[in-house]
Amino acid sequence: MRATAGPATIAFRVARSGGMVRAYAWPSLDSAIWRSEAALPPVAKVLGFSAPAGRLVLQSAKGAILWLDVRRNVLLPAGPALRQAILVGGAGDVAGLDGTGRLVRVSPDGITWRGALPGPIAALQAIPDGSLTAIGTGARGAEVWRWSPPDTGAPLRVGVPRGAILATGAVGSRLWVAAPGTVRGLAASTLEDVTTLAGFPAAPPLAVTTTPSGNTVLAVFERATTIELVDRDRNLHAPSWGLPGVARDLRMDGLGRLVLVRPAQGESAWAVDVASGQVRSTLSSSWRDDLPAVAPDGSVLVVLGPDVSRLDAVTLQRAATVPGGALDWWHVANWDGFTARGGEAPPPVFAGVESVAADALDSAIGAAEAAEATEATEATAARPAPVSDAGARADSTVAAEPRWLVSFASVVDPARAESLAAQLRQGGAPARAMAVPGARGPVHRVVLGPFATRDSAVRAGRATGREHWIIPVTP
């Protein structure tokens, strides 16, 4: 049976206190299909996932930028510690303020751009074309600034009312500035006025966002029990949507079906249907940087005490629960990197070992964070020379307690699995094919091991010179 081609929905689970990153084939959350070989430091935030580059971009608890290349299963050289870090562009670059307060754009190769900063900024945002924008305080008061890397000159600037907040449209043609009493549209490329609409609450704005198409702007204001709307196409202040109480934040569904609203009080969220403006349900969930979040299939991932659950957004029926999942960060993305090719399935891992205690990181990562510099994480970015056959052989003296396998491929066809194992044996590696249960029938995995220690498995895998995965198994 051939697997379906095209992007699939992947849920990434990141150990907040340090350790592994795991990936799950949505909607299943009980058995990881991929695990990172490298242990990460404590993670403060998931900045996002770059599908073109196949990179999960994170920020450590000390502020350093981390790039996990999921396709190659490699932790790339760490970036400097940044404040107000945001993901920019399709390659997974990050912009933010460095230790000296300068605005920079960084990649795994180092700092790629520096921008002039007229004054302190309140919120940095990215425009889809790779430009940057922020509301800051200049010599003339509050302003919107716009930078266009790689241009290093002074940013474009325009004055705005004090207390204004900013939203960038997903399509990038307009910026929207919400202020007490007004919502103002600016041309994203020039900061020229496009429209200014009145009649909004006179209180300070708390949140503003747009639908993915950019056709509708949504804003909530202090002490208000409504979502205020701008119809961009008709250039008017549209009728507001009523809420069960006072709101303080908004989170738009990536496909524009629902907007999640955070109440001013309590641990919950209202799921509002964007097409009708009706509140469809009240979700019980803590509100964090990552959750609650609407998945591409329309279900919602929520935090319920120590656990994470997947719910139907309307009926609130619980479809899955991850015990202890609230201890980790979650990020849901569409990506074709795990999509099967030629009948192959992504190498599944054994369920049963769902977490690994955080090991001490390679000293290169610690140095990068402490110095706020772009030093390489040598242990994860470099591939050592092959070891001897003796070093690559499984530890027979402790075979009674196997812990680790080296997995090279998982295929549906048993003959193909045996052929791949034979190729490895010809190269001197004692590979074998083994059948394991899969969602659609047996899957045939090509492996080395088991090994008593992870280090032994890593040496064995590297000695083959082939792409591989290190898989923990229970005895």
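Looking only at residues of the stretch 310-339 that are buried (at least 21 other Cβ atoms within 10 Å of the Cβ) and closer than 18 Å to residue 270 by Cβ, we find that the one that is modelled with the highest pLDDT is 311. Looking only at the stretch 50-69, filter to residues that are in contact with a Phe, Trp or Tyr (Cβ under 7 Å, 6 or more places away or on another chain) and crowded, with 19+ Cβ neighbours inside 10 Å; which one of those is farthest from residue 407 (Cα to Cα)? Selected residue: 57. Here residue 97 meets each of (1) under 30 Å from residue 117 (Cβ atoms); (2) modelled with pLDDT of 95 or more; (3) within 16 Å of the chain's Cα centre (by Cα) with one exception, condition (3). Right, residue 233: at pLDDT below 95 and either touching a Leu at 6+ places or on another chain (Cβ under 9 Å) or farther than 22 Å from residue 291 by Cα (or both) or not? It is true that residue 233 is at pLDDT below 95 and either touching a Leu at 6+ places or on another chain (Cβ under 9 Å) or farther than 22 Å from residue 291 by Cα (or both).
Taking into account only those residues within the stretch 63-108 that are touching a Pro at 6+ places or on another chain (Cβ under 8 Å) and of a type in the set (D, E, K, R), which is farthest from residue 133 (Cα to Cα)? Looking at residues that are touching a Pro at 6+ places or on another chain (Cβ under 8 Å) and of a type in the set (D, E, K, R), I get 98. For residue 359, the criteria (1) of a type in the set (D, E, K, R); (2) at pLDDT below 90; (3) surrounded by 18 or more Cβ atoms within 10 Å (Cβ to Cβ) hold in every case but one, which is (3). Within the stretch 134-164, being over 23 Å from residue 197 (Cβ atoms), hydrophobic (A, V, I, L, M, F, W, C) and assigned to a loop (DSSP other than H, G, I, E, B) holds for 139, 154.
Look through the stretch 275-304, keep the residues that are at pLDDT below 95 and of a type in the set (A, V, I, L, M), and return whichever of them is surrounded by the fewest Cβ atoms within 10 Å (Cβ to Cβ). Only one residue fits best here, namely 275. Find all pairs meeting these conditions: Cβ atoms under 9 angstrom apart; at least six residues apart or on different chains; first residue within the stretch 223-248 and over 21 Å from residue 169 (Cβ atoms) and charged (D, E, K, R); second residue surrounded by fewer than 16 Cβ atoms within 10 Å (Cβ to Cβ) and modelled with pLDDT under 95. Pairs found: 248/265.
The values are calculated or read from the model by the stated rules, or taken from the named source; none is laboratory data. None of these values were measured; they are calculated from a predicted model. Every residue, glycine among them, receives a Cβ derived from its backbone with ideal geometry; neighbour counts consider all protein chains shown.
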